[in-house]
């Protein structure tokens, strides 16, 4: 692989299609750091270490985390839409920049913003914090967590979350919805869901067991940022293929 190809979007694309390289380990390291950072920020400092005990206070003073947490708790749907919409939009900008497109495709970026805000934000907040507690209980017992993760991985992800991403791509590039679903099914046969599960099962185990309810969408969004880059990178690949076929 040439040095030119060693860029973030390429790294994530390799992980997506299952290349046996260090890429998977690098992404897992990034996700692990995100997880540890979030857990650190959402837990109380232990009084056994005076130095570490001052760090959350410093962070609180500089960033006013109480106000931020209050915003997510008091306006869950608005905060979910804004967070996930901007998250997906930035991920798409990065993918387009790394693909070295001649100009930013704002129509495509708007599509990813709406997909992120409406589904990854509003819809997933409703599913995770309203539907799942009714079906499997509001607590974080081992049984409840396992059932929530199973429902998310076996129903929500394969029938709603991932195919909606492919339908978004189809709409952006003015393709039929049937072609979008056909591409999704082709990727499923190539092991797409296995790759999805390898990342999201451990992430969602943390989501439903230790992450506070009003911060779940923020946590998922932090991991979804990389997933959105993967999706956008694939969209860039489809666009380049389409241009070559027209030449």
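Every number in this text was worked out from the coordinates using simple rules, so none of it is lab data. Quick caveat: nothing in here was measured; it's all calculated off a predicted structure. Cβ sites come from the backbone with ideal geometry, for glycine too, and all protein chains shown count toward neighbours.
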Rounded to 0.05, the calculated FRET efficiency for the beta carbons of residue 77 and residue 102 at R₀ = 41 Å is 0.65
Potential extension, residue 209-residue 160 segment - 0.36 nm per residue separation minus Cα distance: 15.4 nm
Expressed in nm to one decimal, what extension gain is obtained for the pair residue 134 and residue 177 from 0.36 nm per residue of sequence separation less their Cα-Cα distance? 12.2 nm
Going highest first, how would you order 73-83, 131-141, 208-218 by mean Cβ packing within 10 Å? 208-218, 73-83, 131-141
Burial order of peptide ranges 155-166, 170-181 (average beta-carbon count within 10 Å, highest first): 155-166, 170-181
